[in-house]
1. About the Cα centre, and with charges only on the beta carbon of Lys, Arg (+1) and Asp, Glu (-1), how big is the dipole of the chain? Nearest 20 debye, please.
2. Project the alpha carbons of the chain onto their principal axes and report the range along each, largest first, in whole Å.
3. Please name whichever of A236, P275, Y252 sits farthest to the positive end of the charge dipole of segment 216-295, dipole taken about the Cα centre and charges placed at Cβ: Lys and Arg +1, Asp and Glu -1.
4. Near the amide H of A334, under 5 Å away, which other amide H atoms are found, from residues 5 or more places off or on another chain, if H is placed in the peptide plane?
5. Name the longest site-free stretch of the chain, where the excluded sites are GluC sites (Glu not before Pro) in a DSSP loop with no more than 15 other beta-carbon atoms within 10 Å.
6. Summing -39500 (n - 2.57) over the DSSP H runs of n ≥ 4 in the chain and dividing by its residue number, what mean residue ellipticity at 222 nm do you reach, to the nearest 500 deg cm²/dmol?
7. Mind checking which of V288, I344, Q310 is farthest towards the positive end of segment 280-367's charge dipole, using Cβ charges of +1 (Lys, Arg) and -1 (Asp, Glu) about the Cα centre?
8. So which trypsin sites (Lys or Arg not before Pro) in segment 48-136 are both in a DSSP loop and have at most 10 other Cβ atoms within 10 Å of their Cβ?
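The values are calculated or read from the model by the stated rules, or taken from the named source; none is laboratory data. Quick caveat, the model's predicted, so the values are computed rather than measured. Here Cβ is always computed from backbone atoms with ideal geometry, including for glycine, and neighbour counts include all displayed protein chains. We work out accessible area using only protein heavy atoms, side chains counted, and drop any ligands, DNA or RNA first. Shrake-Rupley method; radii C 1.70, N 1.55, O 1.52, S 1.80 Å.
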Amino acid sequence: MKRFVAAVRALRTAAPHELLDAARRVLVEQYAAEAVELFMADYSLTVLQPVSVLPHTLEPVSVHNSPAGRAFGSQQCYREDLRDGRARLHLPVSVRGDRIGVLSVTLADAGHARRHQAELCEIAEVLGREVLVAERDTDLYLQARRKDRLTLAAEMQWQLLPGRSCSRPEYDLAAQLEPAYAVFGDNFDWSATADHLILYVTNGMGEGIEASLLTNLAINALRNARRAGIPIADQAALADQAVYAHYRGRCYLSVLLFDFDLTTGRVRVVDAGSPQLLRLRRGVVERVTLDAQLPLGMFEETDYVAQEFQVEPGDRLLFVSDGVHAVASPKGEAYGEAALARAIQSTRLLPAAEVPRAILRELTGHRGEVMPDDDALVVCLDWRGRPEDDR
């Protein structure tokens with residue numbers, strides 16, 4: 001316990017840019033670690049990028065076929081037994097279900113690794129929280145996430161997002177945007193209280209900086225209304241007014257707004273545009289049909305009305321932008337609802353955090369080598385609901 005307390009204290013008192021150095025020092029001193037490396041998941045979720053100071057860098061490792069990637073995907077500690085008798089623990093670095101990266105710690109042997117595995121897993125979790133706090137004061141960890149340079153529009157969009165996944169007893173939630181390094185308009189946002197989850201799924205309009213500016217205006221208008229305690233129908237109306245006041249109908253955007261009651265599973269929703277909702281329930285994929293209303297900012301002072309539906313424990317909800325369901329193959333064939341339903345079925349055994357990226361990989365196979373001309377957004381929500389004893 002003294003070792004663990006010393007490690008936590010070292011991380012919490014380290015300067016933001018020195019978290020990895022502090023982790024190395026304390027893990028060497030307290031756990032006899034022989035090497036310590038921190039890898040951050042890149043924006044496209046294809047590789048784990050090493051955190052280091054140029055020019056002293058390690059090679060990135062694959063998310064899909066590496067020991068560190070195995071720990072990242074499973075969110076479980078994975079022990080790699082090395083040929084020289086040493087052991088390397090790959091520890092997920094996550095915060096409330098948001099997968100950040102992997103901490104790899106090399107120890108003298110497998111027995112040493114087994115004895116300290118539980119404590120090192122907790123230290124990796126503490127490190128994740130400290131990284132998120134440190135990102136307010138240093139670019140080091142944001143730079144480490146990048147295997148390529150972001151476009152300016154993509155920089156603006158990623159800074160607008162709440163995270164890429166989160167987990168609570170009632171649900172698991174995850175999302176992914178593509179092209180990750182050049183996305184410009186699509187967006188997602190969420191916020192939870194003790195009894196409600198608010199979720200926005202946005203299908204942007206336009207290209208480049210203009211699309212990103214439009215989405216930034218709309219999302220911040222929605223957040224402003226949400227944080228004032230206003231219901232989602234009125235959130236939509238106020239954001240609609242903000243967008244129209246600036247663009248006078250020249251630009252608008254489509255948004256799905258959801259308010260999930262975590263106790264009852266009742267959902268209030270405003271469908272203001274083109275994102276689609278599909279549900280996997282008891283092995284059957286079906287589209288949830290909603291009452292379509294006008295996109296935000298199309299006309300002045302549009303009134304919005306919320307409708308309701310029910311989610312059940314075991315439901316998986318998929319929210320997709322038109323950059324998914326409307327994308328064309330090299331022969332001009334749209335991806336469509338049938339192909340999307342097959343993708344949902346083929347990924348049904350994956351955890352929610354893995355589903356958006358898996359579906360987007362299948363979409364890339366459909367599109368072929370053609371460069372995408374629209375953003376693609378997939379959001380996955382696995383609903384468990386609140387146990388009767390906790391209501």
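1. Rounded to the nearest 20 debye, it is 1180 debye.
2. 66, 51, 40
3. Of the candidates, P275 comes out farthest on the positive side.
4. Sorted by chain and number, the residues that satisfy this are S329.
5. My reading of the result: 35-134 is the longest stretch.
6. -11000 deg cm²/dmol
7. Checking the options against the dipole of segment 280-367, the answer is I344.
8. Sites meeting the loop and neighbour criteria: R83, R136.
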